[in-house]
1. Take the residues of region 128-185 that are assigned to a helix (DSSP H, G or I) and either touching a Cys at 6+ places or on another chain (Cβ under 9 Å) or of a type in the set (S, T, N, Q) (or both): which is surrounded by the most Cβ atoms within 10 Å (Cβ to Cβ)?
2. Of the conditions (1) in a strand (DSSP E or B); (2) within 12 Å of ligand 1 (Cβ to nearest atom); (3) surrounded by fewer than 15 Cβ atoms within 10 Å (Cβ to Cβ), residue 11 fails just one. Which one is it?
3. Would a scan of region 55-73 turn up a residue that is surrounded by fewer than 21 Cβ atoms within 10 Å (Cβ to Cβ), assigned to a loop (DSSP other than H, G, I, E, B) and more than 16 Å from ligand 1 (Cβ to nearest atom)?
4. Quick one: which of 153, 183 is modelled with pLDDT under 90 and over 25 Å from residue 68 (Cα atoms)?
5. I'm checking my understanding of the structure. Among residues of region 186-217 that are crowded, with 18+ Cβ neighbours inside 10 Å and among the hydroxyl-bearing types (Ser, Thr, Tyr), which one is modelled with the lowest pLDDT?
6. Does at least one position in region 103-111 carry a residue that is in contact (Cβ under 8 Å) with a residue 40 or more places away in the chain, more than 12 Å from ligand 2 (Cβ to nearest atom) and open to solvent by 30 Å² or more (accessible area, probe 1.4 Å)?
7. I'd like to verify a number: residues in region 23-45 that are within 16 Å of ligand 2 (Cβ to nearest atom) and within 20 Å of residue 190 (Cβ to Cβ), how many?
Amino acid sequence: DVMLRLEGISKSYNPGTPAEISVLRGATLEVARGEAVALVAPSGAGKSTLLHIAGLLDTADAGMVEIGGVATGDLGDRSRTRMRRNDVGFIYQFHHLLPEFTARENIMLPQLANGVARGAARERAEELLASVGLTERGGHRPAEMSGGEQQRVAFCRAMANAPRVLLADEPTGNLDPDTSDRVFGALMGLVRSTGLSAVIATHNLELAARMDRVVRLEHGRLVERVERVDAGRAA
Ligand code: ADP
Ligand code: ADP
């Protein structure tokens with residue numbers, strides 16, 4: 001039951017110029033429903049590029065992105081936008097919360113953009129805030145919250161429209177170990193309980209070992225690294 005399929009994804013920047021750089025060269029990955037995959041790679045290897053393409057924020061030069069069995073290359077702009085908003089959630093290392101809005105509003109906005117009624121959006125925001133222990137923070141703006149709190153709000157925002165696929169770029173990169181554990185725990189809880197499929201870029205091999213699978217991005221391709229996971233679990 002494949003939820004996300006990347007097939008032969010290639011991407012260059014500045015093609016046909018002296019500054020051309022080939023970042024992805026036939027990257028292939030299948031993520032099942034309810035599976036969490038750790039994406040491990042050195043900085044500059046192309047993780048963000050890959051996640052942006054998988055999340056329909058950017059397009060590949062070649063290859064295919066399939067979400068829930070739908071080949072996204074065949075979609076028109078409007079269907080593509082709808083799928084990005086409904087089916088994909090994003091978490092970035094630097095959460096990009098809107099500073100002039102409260103935590104609750106940051107979580108309501110993607111829902112309102114999707115046509116959800118205000119009351120229902122608010123209720124969902126409160127539920128999500130409660131799930132990460134932030135009930136008391138709903139009315140606070142990002143600047144009034146700690147980094148860990150902001151990251152938890154970003155997680156709630158990514159989940160606001162109940163996506164089927166979650167893409168996360170170092171979601172716990174700048175958090176202390178306890179907060180990191182809490183965000184990661186909430187994330188894995190959703191993978192286990194709702195069948196969410198997740199691709200989570202991380203440098204933290206301990207977190208990677210707690211996911212179902214580890215893949216490495218090497219020379220523009222994805223390579224399974226099963227032995228890393230086993231080593232992590234045995235330790
Ligand atoms: P990572 O997330 O693994 O650090 P990125 O996907 O951000 O990697 O970047 C991969 C490579 O592509 C890097 O060398 C980066 O400098 C380059 N790159 C990323 N975005 C652009 C862009 N818009 N224009 C030109 N080069 C880019
Ligand atoms: P930049 O501002 O350098 O383009 P960002 O990381 O802010 O980089 O955004 C990269 C892309 O992701 C942009 O196209 C932006 O519109 C989109 N984006 C940012 N945040 C979200 C989000 N929460 N959901 C969907 N798309 C997003």
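The values are calculated or read from the model by the stated rules, or taken from the named source; none is laboratory data. This structure is a prediction, so every number in the text was calculated from the model and none was measured. All Cβ positions, even for glycine, are placed from backbone atoms using ideal geometry, and neighbour counts span all protein chains on display. The area values use the complete protein model at the heavy-atom level, side chains included, leaving out ligands, DNA and RNA. Shrake-Rupley method; radii C 1.70, N 1.55, O 1.52, S 1.80 Å.
1. Pass one, region 128-185, residues assigned to a helix (DSSP H, G or I): 128-131, 135-137, 142-144, 147-159, 177-185.
Add one more test, that the residue is either touching a Cys at 6+ places or on another chain (Cβ under 9 Å) or of a type in the set (S, T, N, Q) (or both), and what stays is 128-129, 131, 135, 150-151, 179-180.
Values: 128: 24, 129: 20, 131: 16, 135: 11, 150: 24, 151: 26, 179: 18, 180: 20.
Taking the candidates together, the pick is 151.
2. Result: residue 11 fails condition (3) only.
3. Yes, region 55-73 has at least one match.
4. On the way: 153 fails: modelled with pLDDT under 90.
One residue alone meets the criteria, 183.
5. That would be 202.
6. No.
7. Residues that pass the stated criteria total 0.
Residue by residue, here is whether (1) closer than 24 Å to residue 188 by Cβ; (2) at pLDDT 95 or above holds:
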position: 72; (1), (2): no, yes
position: 77; (1), (2): no, no
position: 86; (1), (2): yes, no
position: 106; (1), (2): yes, yes
position: 122; (1), (2): no, yes
position: 130; (1), (2): yes, no
position: 140; (1), (2): no, yes
